[in-house]
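Presented below is the structure to which this report refers.
The values are calculated or read from the model by the stated rules, or taken from the named source; none is laboratory data. A quick note: this is a predicted structure, and the numbers were derived from the prediction, not measured. Positions of Cβ are generated from backbone atoms using ideal geometry, with glycine treated the same way; all protein chains shown enter the neighbour counts. Ligands, DNA and RNA are excluded from the accessible area calculation, which covers all protein heavy atoms including side chains. Shrake-Rupley method; radii C 1.70, N 1.55, O 1.52, S 1.80 Å.
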Amino acid sequence: MTDRQRNNPFRQAEFLTSANKINQLPPDEGAEVAFAGRSNAGKSSALNTIVDNKGLAKTSKTPGRTQLINFFTFAESYHLVDLPGYGYAKVPPSVKRHWQQVLSEYLRTRQSLRGLVLLMDVRHPLKEFDLQMLEWCTNQQMPVHILLTKADKLKRGAASSALHKMRKELKADYEHTTVQLFSSVDKQGLEQALQQLKQWMELE
Ligand SMILES: Nc1nc2c(ncn2[C@@H]2O[C@H](COP(=O)(O)OP(=O)(O)O)[C@@H](O)[C@H]2O)c(=O)[nH]1
Ligand SMILES: [Mg+2]
């Protein structure tokens, strides 16, 4: 076992269940962190990187497929939750409305939810879906940590200015939201993301 594996409690995570409706969620116990982002933001890839298991969350080159809330579990009552993104143009309005309702209710009612990881492609941040999630979380005083994904696609300087621009934009309305660069390809930002999850779930 390498040090990286030993320091990562999430690598034991396994699939628990999928839900399409609020009443299908597993018991509201233990500690939970949810991942949200528009389709294709790199959410499944980031989850797989965080749990150090390429096969856990399905990744796809065809966006918009996941229309379920997927629960992964480790150490009995800890959950990582993959929330569906509905930012893809081909999602019908009725489906979009269904998910808006499910997501807002989930954020409003889930007692074990400690924080939301919001993923955005570093080249296309703060779209309508992202602003909606930020609004809902702020209203619930739910902590949000943003991963600016696919940072490997930008040169170091461009990535760093995207990060600073984002910090500035968040400052006015979402003062307590934290943000970092992340890449599932070169693993930049992985340690910082793990630290945030461990802190929220009190796994230090
Ligand atoms: N270069 C690069 N590509 C990525 C990264 N993360 C995801 N991708 C690619 O972006 C696409 C969508 O990724 P996926 O994780 O399925 O996104 P999701 O729809 O948000 O779950 C896939 O083709 C991935 O290979 C990253 O950090 N860097
Ligand atoms: Mg996905």
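Restricting to bridges with both residues inside the chain, how much of the DSSP beta-bridge set is antiparallel, in percent to the nearest 5? Walk me through the numbers on the way to the answer.
Numbers: 10 of 31 bridges.
Approximately 30 percent, going by the DSSP bridge assignments.
Once the Cα-Cα distance is subtracted from the 0.36 nm per residue extended length, the K165 to T17 segment shows a gain of 49.5 nm. Once you have a ≥ b ≥ c as the square roots of the Cα gyration tensor eigenvalues for the stretch 86-125, tell me rounded if a/c is under 1.5, and otherwise prolate or oblate according to whether a/b is larger than b/c. Judged from the Cα gyration tensor, the stretch 86-125 comes out oblate (a/c at least 1.5, b/c at or above a/b).
If R0 equals 35 Å, the separation of the Cβ atoms of Q199 and R97 corresponds to a calculated FRET efficiency of about 0.50.
When the accessible area of the stretch 108-178 is computed with all protein chains present and a 1.4 Å probe, what percentage of it is carbon and sulfur? Mind dumping the intermediate values first?
Details: 1920 of 4060 Å².
Whole-percent figure for carbon plus sulfur exposure: 47.
Counting only the backbone N, which residues of the stretch 24-60 are under 14 Å from the spot 7 Å out from the Cα of K90 toward its beta-carbon? Inside the label zone: 39-40, 60. Quickly estimate the mean residue ellipticity at 222 nm for the chain, helices only: each DSSP H run with n ≥ 4 gives -39500 (n - 2.57), and the total goes over all residues, rounded to 500. When only DSSP H runs of four or more count, the value is -11000 deg cm²/dmol. Averaged over its residues, the chain has an accessible area of 53 Å² per residue, based on protein heavy atoms and a 1.4 Å probe. Sort the chain into rounded, prolate or oblate with this rule: let a ≥ b ≥ c be the square roots of the eigenvalues of the Cα gyration tensor; rounded if a/c is under 1.5, and if a/c is not under 1.5, prolate when a/b is larger than b/c, oblate otherwise. Judged from the Cα gyration tensor, the chain comes out rounded (a/c under 1.5).
Checking the cross-link pairs K21/K58; K54/K171; K54/K90 against a 25 Å limit on the alpha carbon distance flags K54/K171; K54/K90 as lying beyond it. For the pair E175 and E128, how long in nm is the line joining their label points, each one 7 Å along Cα→Cβ? Roughly 3.0 nm, to one decimal.
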